[in-house]
């Protein structure tokens, strides 16, 4: 049941995440759906769909965080700027 469009995403995803985060969710879900088709690749007794949703949320949380009830893009720190560099 991969998603073809953002309109097909679950209501909580569509109603709460910014468009870019929805795109991340959709792509991660679809990738995980294919990757974890074999039950042997999944943890415990999780279904294929449950696994794909968990991975999709983890992908969103890598770039977004919830602040004051809204999902916002995380401020990324430039890895070249290390404290103590001269």
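The values are calculated or read from the model by the stated rules, or taken from the named source; none is laboratory data. Note that the coordinates shown come from a computational prediction; the quantities given were computed from them, not determined experimentally. All Cβ positions, even for glycine, are placed from backbone atoms using ideal geometry, and neighbour counts span all protein chains on display.
Which of the residues spanning the stretch 17-50 are loosely packed, with under 14 Cβ neighbours inside 10 Å, touching a residue at least 24 places away in the same chain (Cβ under 8 Å) and over 11 Å from the mean Cα position of the chain (by Cα)? Residues satisfying the conditions are 34, 49. Checked against the criterion of being within 18 Å of the chain's Cα centre (by Cα), in a strand (DSSP E or B) and modelled with pLDDT of 95 or more, the stretch 55-64 has at least one qualifying residue.
So, in the stretch 10-28, of the ones that are outside any helix (DSSP H, G or I) and touching a strand residue (DSSP E or B) at 6+ places or on another chain (Cβ under 9 Å), which residue ends up nearest to residue 66 (Cα to Cα)? Show your work before the answer.
Just the residues of the stretch 10-28 that are outside any helix (DSSP H, G or I), to begin with: 10, 17-18.
Checking the rest, the ones that are also touching a strand residue (DSSP E or B) at 6+ places or on another chain (Cβ under 9 Å) come to 17-18.
Working: 17: 10, 18: 11 Å.
Selected residue: 17.
Taken over the stretch 1-16, the criterion of being surrounded by fewer than 18 Cβ atoms within 10 Å (Cβ to Cβ) and under 12 Å from the mean Cα position of the chain (by Cα) is satisfied by no residue.
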